[in-house]
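Okay, so here's the structure we're looking at.
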Amino acid sequence: DYYISSDLIRAIETTQIISNNSIIIKNNKLRERNYGELEGTSPKSVEEFWDVSNNVSKLCVEPIKDFLKRIFDELDDIINKYKNCDNILIVTHYGVVMAIDAYFNNKFDYCFEKFDLENCEYRKYRI
């Protein structure tokens with residue numbers, strides 16, 4: 001089994017609990033989307049930035065298509081590198097989980113507003 005975590009503290013701490021302090025592979029490409037100047041504001045403030053058809057970079061927000069490409073490319077790399085592994089646990093952040101769900105469900109015109117995930121919920125995907 002492999003444990004891959006975003007390199008941000010809250011994801012690493014969660015992974016340590018789940019993995020029983022096994023070796024954790026820290027991955028900076030699994031960080032949440034960069035919200036630029038909107039960091040720390042209300043979710044309503046960033047709603048328009050989750051529109052896949054709107055790939056703007058206003059207020060230094062990471063463009064959605066760039067974000068999705070980063071996550072999709074990293075998933076391709078992880079799948080290729082660990083293809084002979086039975087289980088891979090990825091611990092990351094809400095926006096990244098939405099991108100992972102889009103990747104595994106071939107929804108590249110994904111409607112992020114309809115995505116529903118409870119705090120600490122997990123999803124299983126087969127490769």
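Numerical summary
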read-out: Under-5 Å amide H pairs with Arg31, H placed in peptide plane, nonlocal only; value: Asp7
read-out: J(HN,Hα) series, the range 6-12, from Karplus relation 6.51 cos²θ - 1.76 cosθ + 1.60, nearest Hz, glycine and proline x; value: 3, 7, 7, 3, 5, 6, 4
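The numbers here are math on the coordinates, done by the rules we state, and not lab data. Small disclaimer: the values here were computed from a predicted structure and weren't measured.
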